[in-house]
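First comes the structure, then the notes that go with it.
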Amino acid sequence: MGKPKRGRCAKRNKNKSVEPDELVQAPHSFVIHRGLPGGHIVEITKDFRKVMEPYTATSLKERKKNTIKDFVSVAGPLHVSHLCIFSRTSLGMYLKTARLPRGPTLTFKVHNFSLARDVVSSLKKQSVVDEAFKHAPLIVLNSFSGEGLHLKMMASMFQNMFPTINLLTVDLNTVRRCVLLNYNPATKLIDFRHYNIRVVPVGISKGVKKVVQGKVPDLSKCNDIAEFFTKAGMLSESEAEDDPQHQVTVPQKLKSRGNVEEGKSAIRLTELGPRLTLSLIKIEDGLLDGEVLYHDLIHKSEEEREEIQRKRELKKKLKEKRKRIQEENKKKKEEIKAQLKEKSLKGQKEKSELKTQPENGAQSGAKMEVTQDENTQADDDREYYREEVGEEPDKDLFSSRPGGYKRKFRPLSHGDKRRKIEDTRQGGNQSERGGKGGQKKPFEFKTKKRKDFKKEKGGAGRDRGFKKGGRQAGKGKRVDKTNSANRDNRPVGGNARHYRR
């Protein structure tokens, strides 16, 4: 038989699953929801996950018992950098975006929102392509360049939620979606929109465009194919040529038909949803906690801020002190536990050594002491018998066992009974002999004969002492509860007329 083929060694296996640097360095996100149920909070969470694809947990399953610490603990191995939380209270809906693992955290209030399904259903020409969600969207910020710390932090947070784009090496075929954030300084509201990007060729007629894009033209109203290309008025107002300001020069070759490198094309956007109208409430220094850097509704003086900072530092020191004391106590308990374990192992070792050492001398001395005690006890019993009875006791009346130790009592077990029965079956009772030549009779189990109640005195067996239907006159007071006199002796399935009395 040939030698079995061995598998490939793991050390020599070069096909290791190593994630590329581009994937590791890209910002990943968790999008979850908290608070009161209802209010389409689950749907808006799923729509926002769709916007953050492909660098987000689309099928993330969360439960009520999950805490923020649970998501933070798994964020490191999964390269998750941002956490988005939709929460609903009795006052309204809020959106919190936090940088993992230490903050900061921005809290927005959601004034209005529209789900993606409602936005798509309202369009006349719907354009939802699954290929567009395989790449991250392009982020566009408008009016976030004003003065103020909160504007800079908002712009930095939104930009870092999506991967950066290198203009020298970017592939235009991967830019299929766009996220637009527009800030209104007067109302302090932020409009969130999500669009699909399409690049269409310009400078050609409607008929040529259809043929170039691979569509089958409708020639029912034309006498010739030339008339289809040269006929005027083929364009409607909605399909007219775009404004020259909306036209761009394509520097690369695109996959879509009709777009030539270094040719002019028009950019068209189709909304995908969802729509959100947000307003910034506050900015915290930590992860959902810490010093409040900005608050839109509450303003504190410099003295109040210093007092809050002092209380926070005092609380932090107290926490560190408790933690240090806890670690010291834990260390002491571990030392005591190690000492007890060492002591226990030492005692077990000494005990095992004592058991293995021979103790022949001690055992013989114990046997002699037991024999002397038994002899002394027997002599005392003989003297007491002489004084009370006045006669000499028998020889074997108070004799001690010559062996010294008494035989240890052992109860009769099931095995002993079984051996006893087998010996009896094989040999039988030695005192019983029968047959010719004095041979032993084989063992027989004696079964007790059943009583014949009819042969007893009185005649009728169980029914004696009873009369039909009542007590016996003058003798017994027992009642025939079985009604044996009137019972039916017919066999099951027999003919009733042959057994009539």
Reported set for segment 150-165 where residues are part of a helix (DSSP H, G or I) and out of contact with any Leu (no Cβ under 8 Å at 6 or more places or on another chain) is 151, 152, 156, 160
Search result, residues across segment 145-192 that are over 28 Å from residue 79 (Cβ atoms), touching a strand residue (DSSP E or B) at 6+ places or on another chain (Cβ under 9 Å) and charged (D, E, K, R): 188, 191
Are any residues in segment 149-177 closer than 17 Å to residue 285 by Cβ and of a type outside the set (A, V, I, L, M), and if so, which ones? 150, 152, 156, 160
Which residue pairs have Cβ atoms under 7 Å apart, sit 6 or more places apart or on different chains, and have a first residue in segment 244-272 that is in contact (Cβ under 8 Å) with a residue 60 or more places away in the chain and a second that is of a type in the set (Phe, Trp, Tyr) and in a strand (DSSP E or B)? 269/195; 270/195; 271/195; 272/195
The lone exception for residue 301 - which of (1) within 21 Å of residue 148 (Cα to Cα); (2) at pLDDT 90 or above; (3) polar (S, T, N, Q) it fails: (2)
Across segment 271-287, which residue is farthest from the chain's Cα centre (by Cα) among those that are aliphatic (A, V, I, L, M) and within 19 Å of residue 309 (Cβ to Cβ)? 283
Name the residue, out of 331, 255, that is of a type outside the set (Gly, Ala, Ser), surrounded by fewer than 14 Cβ atoms within 10 Å (Cβ to Cβ) and in a helix (DSSP H, G or I). 331
Is it the case that residue 44 is in contact (Cβ under 8 Å) with a residue 60 or more places away in the chain and under 24 Å from the mean Cα position of the chain (by Cα)? no
In segment 156-192, which residue that is farther than 25 Å from residue 129 by Cβ and among the β-branched types (Val, Ile, Thr) is surrounded by the most Cβ atoms within 10 Å (Cβ to Cβ)? 190
So, residue 321, is that one more than 29 Å from residue 184 (Cα to Cα) and within 36 Å of the chain's Cα centre (by Cα) or not? yes
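The values are calculated or read from the model by the stated rules, or taken from the named source; none is laboratory data. What you see is a predicted model; the values in this text were computed from it and never measured. In this analysis, Cβ positions are derived from the backbone assuming ideal geometry, glycine residues included, and neighbour counts consider all displayed protein chains.
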